[in-house]
Amino acid sequence: MKPASYAIPLEVQVGSFREKAHAEALTQSLKNLGYSPSLSLFTDAKNHIWYVVRLGPYTRWDEATQTATKVAVAENVSPMIGPMQ
């Protein structure tokens, strides 16, 4: 049986940082591992800027989970899987 696809694309959020340099370092490290990360900005309710590193989109939960697991081990991070923002 083929794994189900999601109507809404999924992403793996690898990390979020207040310091841009930390986000850029993680982004480069993921590129070195063969991934194509995106780096975006998020402003929270207190007007703090966060630099968010994500991978995706994924249409299948198992693909997103495999990526999150590999990245967690390689980068010592705790990724989260959710709908694309």
For region 21-70, which whole-number percentage of the solvent-accessible area (1.4 Å probe, protein heavy atoms only) is attributable to carbon and sulfur atoms?
-> 54 percent
Could you work out how far helix 20-32 tilts from the main Cα principal axis of the chain, as a 0 to 90 degree angle to the nearest 10?
-> 30 degrees
Cα Rg, Dmax, the chain, angstrom units = 13.3, 47
Virtual spin-label span in nm between residue 63 and residue 80, 7 Å along Cα→Cβ = 2.3 nm
Give me the angle, in degrees from 0 to 90, between the Cα long axis of helix 61-75 and the longest principal axis of the Cα atoms of the chain, rounded to the nearest 10.
-> 40 degrees
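With the other protein chains left in place, how much accessible area per residue, in square angstrom, belongs to region 1-78 at a 1.4 angstrom probe?
On the way: 5170 Å² over 78 residues.
It amounts to 66 Å² per residue over region 1-78.
Place a +1 charge on the Cβ of each Lys and Arg in the chain and a -1 charge on the Cβ of each Asp and Glu, then give the dipole magnitude about the Cα centre in debye, rounded to the nearest 20.
Working: 8 positive and 7 negative charges, 12 e Å.
Around 60 debye, computed over the chain.
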Could you pull out every residue, at least 5 positions away or on a different chain, whose amide H is within less than 5 Å of the one on residue 15? Hs are placed 1.01 Å off N in the peptide plane, and Pro or chain starts have none.
-> 53
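The values are calculated or read from the model by the stated rules, or taken from the named source; none is laboratory data. The model shown is predicted, which means the values in this text are computed figures rather than measured ones. Positions of Cβ are backbone-derived with ideal geometry, glycine not excepted, and every protein chain shown enters the neighbour counts. Only protein heavy atoms, including side chains, enter the accessible area calculation; ligands, DNA and RNA are left aside. Shrake-Rupley method; radii C 1.70, N 1.55, O 1.52, S 1.80 Å.
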